[in-house]
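Trainee: Got a structure for you, questions after.
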Amino acid sequence: MKIIGITGGIGSGKSTVAKVFNFYDVPVFTADTEGKIISDCNPIAVESIKKLFGNDIYVDGKLNRKSVAAQVFEDKDKLLQLNQIIHPLVKLSFDNFCNKNANKSFVAIESAILIESGFYNFVDFSVMVSAPESLRIKRVVLRDGLTPFQVESRINNQLQEVVMEKFCKYKILNDDKSLITPQVKKILDIFSHIKNS
């Protein structure tokens, strides 16, 4: 079994591309979603996060992500500590996911921070989903109800595409003009050839 990493900036359309991989019988593990579940439900994570941010960081049993985001934006050390809590647990969950899908030729992990988290070290192929910044801003404004300025701020705080390209040999353009399915099919054909050669 080979592991495909799918990454890209906010609004690039990673989830859309992941669904196409899934259509081609590639099970996809969504790291960002799993991280949220862990931070809300895993007793070890919850206790550690409370020690880091205080007990009131949880509201009605859910992590106050807006408060966390504001704090880690101001304090990069807190972000590092939070990642040290969450990332090993996400990796453990992903390992279990791989074990459950051991009969598959490929599995994929979708993560906005595939590179920053170090998860790219565990994948065989890295794929970057790309889209023009103006389109990314438009998508996130519609999806999350943010202002264009807020989206730009988030984009500027993420790893830029020019850096991602150094880690990702393969790229999918999701610009609402190029068809996604043929791009995914072509990449899977390449991966299958490499795997079998």
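Trainee: Conditions: (1) outside any helix (DSSP H, G or I); (2) farther than 30 Å from M128 by Cα. V46 meets all but one. Number of the miss?
Mentor: Of the numbered conditions (1) outside any helix (DSSP H, G or I); (2) farther than 30 Å from M128 by Cα, the odd one out for V46 is (1).
Trainee: Looking at N157, N103 in this structure, which one is farther than 16 Å from I6 by Cβ and at pLDDT 95 or above?
Mentor: Among N157, N103, only N103 is farther than 16 Å from I6 by Cβ and at pLDDT 95 or above.
Trainee: Among the residues of segment 152-162, write down those that are surrounded by 14 or more Cβ atoms within 10 Å (Cβ to Cβ) and either outside any helix (DSSP H, G or I) or over 17 Å from the mean Cα position of the chain (by Cα) (or both).
Mentor: Once the filter is applied, which keeps residues that are surrounded by 14 or more Cβ atoms within 10 Å (Cβ to Cβ) and either outside any helix (DSSP H, G or I) or over 17 Å from the mean Cα position of the chain (by Cα) (or both), segment 152-162 yields E152, Q158, L159.
Trainee: If you don't mind, there's one more thing I want to ask. Tell me whether segment 32-42 contains one or more residues that are closer than 23 Å to G145 by Cα, in a loop (DSSP other than H, G, I, E, B) and either under 9 Å from the mean Cα position of the chain (by Cα) or of a type outside the set (A, V, I, L, M) (or both).
Mentor: no
Trainee: Taking interchain pairs and intrachain pairs at least six residues apart, which have beta carbon atoms under 9 angstrom, with the first residue in segment 55-68 and hydroxyl-bearing (S, T, Y) and the second open to solvent by less than 100 Å² (accessible area, probe 1.4 Å)?
Mentor: Y58/D40; Y58/V46; Y58/I49; Y58/K50; Y58/N64; S67/F53; S67/I57; S67/V59
Trainee: Within segment 163-197, how many residues turn out to be assigned to a loop (DSSP other than H, G, I, E, B) and crowded, with 16+ Cβ neighbours inside 10 Å?
Mentor: Total meeting the criteria: 2.
Trainee: Run down L135, L142, L114 and say which single residue is aliphatic (A, V, I, L, M) and without any contact (Cβ under 8 Å) to a residue 40 or more places away in the chain.
Mentor: L142
Trainee: Looking at S67, S48, S93 in this structure, which one is polar (S, T, N, Q), over 28 Å from K166 (Cα atoms) and modelled with pLDDT of 95 or more?
Mentor: Answer to the check: S48.
Trainee: Checking V123 against (1) in contact with a helix residue (DSSP H, G or I) (Cβ under 9 Å, 6 or more places away or on another chain); (2) closer than 29 Å to L89 by Cα; (3) aliphatic (A, V, I, L, M): exactly one of these is not met. Which one?
Mentor: The number of the failed condition is (1).
Conditions tested, residue by residue: (1) in a helix (DSSP H, G or I); (2) surrounded by fewer than 19 Cβ atoms within 10 Å (Cβ to Cβ).
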position: V68; (1), (2): yes, yes
position: Q71; (1), (2): yes, yes
position: Q84; (1), (2): yes, yes
position: S93; (1), (2): yes, yes
position: N99; (1), (2): yes, yes
position: K104; (1), (2): no, yes
position: I115; (1), (2): no, no
position: N121; (1), (2): yes, yes
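Trainee: Could we say that D56 is over 18 Å from the mean Cα position of the chain (by Cα) and outside any helix (DSSP H, G or I) here?
Mentor: no
Trainee: Looking at segment 123-141 only, could you name the residues that are crowded, with 18+ Cβ neighbours inside 10 Å, in contact with a strand residue (DSSP E or B) (Cβ under 7 Å, 6 or more places away or on another chain) and either part of a helix (DSSP H, G or I) or not small (G, A, S) (or both)?
Mentor: V123, F125, V127, M128, V129 - these are the residues of segment 123-141 that are crowded, with 18+ Cβ neighbours inside 10 Å, in contact with a strand residue (DSSP E or B) (Cβ under 7 Å, 6 or more places away or on another chain) and either part of a helix (DSSP H, G or I) or not small (G, A, S) (or both).
The values are calculated or read from the model by the stated rules, or taken from the named source; none is laboratory data. All figures in this text were calculated on a predicted structure; none of them were measured in a lab. Cβ coordinates were reconstructed from backbone atoms using ideal geometry, including for glycine residues, and neighbour counts include every protein chain displayed. The protein model used for the area step is the full one, side chains on, heavy atoms only, and it has no ligands, DNA or RNA in it. Shrake-Rupley method; radii C 1.70, N 1.55, O 1.52, S 1.80 Å.
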